[in-house]
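Heads up: the structure comes next, in structure tokens.
The values are calculated or read from the model by the stated rules, or taken from the named source; none is laboratory data. Note that the structure is a prediction, hence the values are computed from the model and not measured. Please note: Cβ atoms are built from the backbone with ideal geometry, for glycine as well, and neighbour counts cover all protein chains shown. All accessible areas refer to the heavy atoms of the entire protein, side chains included, with ligands and DNA or RNA removed. Shrake-Rupley method; radii C 1.70, N 1.55, O 1.52, S 1.80 Å.
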Amino acid sequence: MERLKIAIQKSGRLTEDSQQLFSECSIDIQDGKRQLLAPSANFPIDLLYLRDDDIPQYIADGVADVGILGENVWIESQTELRIAKRLGFAKCRLSLAIPRGEKYEGIDYFRGKRIATTYANIVKKYLAEKGIAAEIHEISGSVEIAPNIGLADAICDIVSTGSTLMSNGLKEVETVMYSEALMLANHNLSPEKEAILQKLLFRIEAVAAAKQNKYILLNAPNDSMDAICNILPGMKSPTILPLAQSGWSSLHSVVNEEIFWELIDQLKALGAQGILVVPIEKMIL
Ligand code: PRT
Ligand code: ZN
């Protein structure tokens with residue numbers, strides 16, 4: 001039986017969330033950080049621990065079938081892969097930044113400037129589309145210090161909170177792209193491997209749906225039940241069970257996390273009592 005090889009970052013910002021994704025899907029992975037290939041005993045996948053920069057090529061070459069990495073690293077790699085799933089973690093942006101004291105009036109600022117970055121392909125394409133000719137200096141680390149040591153006039157780097165730019169006397173002036181962790185796949189998986197990938201994606205979606213929803217239980221007078229059902233957008237219609245106390249029932253439903261606080265007030269106003277809100281572990285729609 002075939003197994004799906006999934007490349008994840010060996011040690012870095014993506015590692016913990018990537019591993020958590022599998023554990024939330026009840027997929028056990030032997031702690032394989034010291035070995036290259038870590039098999040799962042209860043799901044037909046093997047994890048490959050790699051540097052994130054190496055992951056796109058490994059998938060393109062078919063050494064790995066699937067991989068988890070930042071969108072920025074994938075786009076920079078210029079490899080032909082397909083997005084199996086946007087994972088929503090490691091969100092950040094790739095931005096152009098200049099010394100804080102400089103006056104900035106628009107993208108023309110960068111004409112003829114020296115820009116230090118690890119993302120040379122992305123920056124070149126971005127500036128070319130805007131019709132700006134600049135000198136791109138590709139450097140591999142500590143990009144944010146380049147203007148201070150006279151190596152460049154500006155930088156293009158990953159920004160999350162902005163504090164790295166701030167502490168290096170720089171200001172963000174253009175966002176080149178937004179990025180998040182992606183699950184990427186080779187275009188030509190065997191039908192058997194594709195089936196494993198779809199099974200994995202099904203589990204990931206069930207976990208994501210569960211995170212967005214809460215299971216709600218409450219007691220209310222029978223006369224309020226219609227009004228309560230009207231404001232509760234449950235999965236289908238809510239479950240209503242009679243209580244031992246006559247004239248009262250218990251209602252069970254599923255509510256979206258975002259609107260749940262707003263609903264609680266309305267529910268109380270309709271006479272609901274003993275409201276319980278319970279996290280859901282998996283949700284299959
Ligand atoms: O060793 P390996 O090559 O595998 O890892 P790496 O050092 O290349 O990558 P790593 O682990 O630092 O980041 C992996 C991915 O996380 C990146 O490719 C992004 O997609 C994503 N990510 C999310 C970030 C950040 N947030 C982030 N803040 N990657 C880097 N940073 C750095 C940034 O380079 C800058 O130095 O954090 C600093 C900016 O952060 P703020 O909060 O000060 O703005
Ligand atoms: Zn890297």
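Report the charge-dipole magnitude of region 213-279 in Debye, nearest 20, computed about the Cα centre from +1 at each Lys and Arg Cβ and -1 at each Asp and Glu Cβ.
Result for region 213-279 is approximately 180 debye, rounded to the nearest 20.
In straight Cα distance, which lysines are under 25 Å from Lys171, not counting same-chain residues fewer than 8 positions off?
Lys91, Lys103, Lys113, Lys124, Lys125, Lys130
For the chain, what D do you get in µm² per second when you plug the Kirkwood radius from alpha-carbon pairs into Stokes-Einstein at 20 °C and 1.002 mPa s?
Value of D from the Cα-based Kirkwood radius: 95 µm²/s.
Would you mind getting the accessible area per residue of region 213-279, heavy atoms of the protein chains only, 1.4 Å probe, in Å²?
60
At q = 0.13, 0.16, 0.21, 0.26 Å⁻¹, what log₁₀ I(q)/I(0) does region 92-178 have when each alpha carbon counts as one equal point scatterer in the Debye sum?
For region 92-178 at q = 0.13, 0.16, 0.21, 0.26 Å⁻¹, log10 I(q)/I(0) is -0.33, -0.52, -0.95, -1.56.
Apply the a/c threshold of 1.5 to the C-alpha gyration tensor of region 229-276 and tell me whether it is rounded, prolate or oblate.
Oblate, because a/c is 1.5 or more while a/b does not exceed b/c.
Hey, which lysines would be in cross-link range of Lys214, C-alpha to C-alpha under 22 Å, not counting anything within fewer than 8 residues on its own chain?
Of all the lysines, those that pass the test against Lys214 - Cα under 22 Å, at least 8 places apart if same chain - are Lys236, Lys268, Lys282.
Tell me, what % of the accessible area of region 92-178 is carbon and sulfur with a 1.4 angstrom probe?
Here carbon and sulfur together make up 48 percent of the probe-accessible area.
Could you sort Tyr49, Tyr104, Tyr178 by accessible area so the largest value comes first, with the probe set to 1.4 Å?
So, going from the largest accessible area down, we get Tyr178, Tyr104, Tyr49.
Is region 43-83 rounded, prolate or oblate when judged by the Cα gyration tensor, a ≥ b ≥ c being the square roots of its eigenvalues, rounded requiring a/c under 1.5 and prolate requiring a/b larger than b/c?
Prolate shape, in that a/c is at least 1.5 and a/b is the bigger ratio.
Within the accessible area of region 210-285, what % is carbon and sulfur when the probe is 1.4 Å and the other protein chains stay in place?
The C+S portion of the solvent-accessible surface of region 210-285 is 55 percent.
Of Ala227, Ala244, Leu182, which is farthest on the positive side of the dipole of region 169-260, counting Cα position, with +1 on Lys and Arg Cβ, -1 on Asp and Glu Cβ, and the Cα centre as origin?
Positive-end residue among those listed: Ala244.
What percent do you get for the relative contact order of the chain when only Cα pairs under 8 Å and 6+ apart count?
Value for the chain: 19 percent.
Could you give the dipole magnitude of the chain about its Cα centre, charging the beta-carbon of Lys and Arg +1 and that of Asp and Glu -1, in debye to the nearest 20?
100
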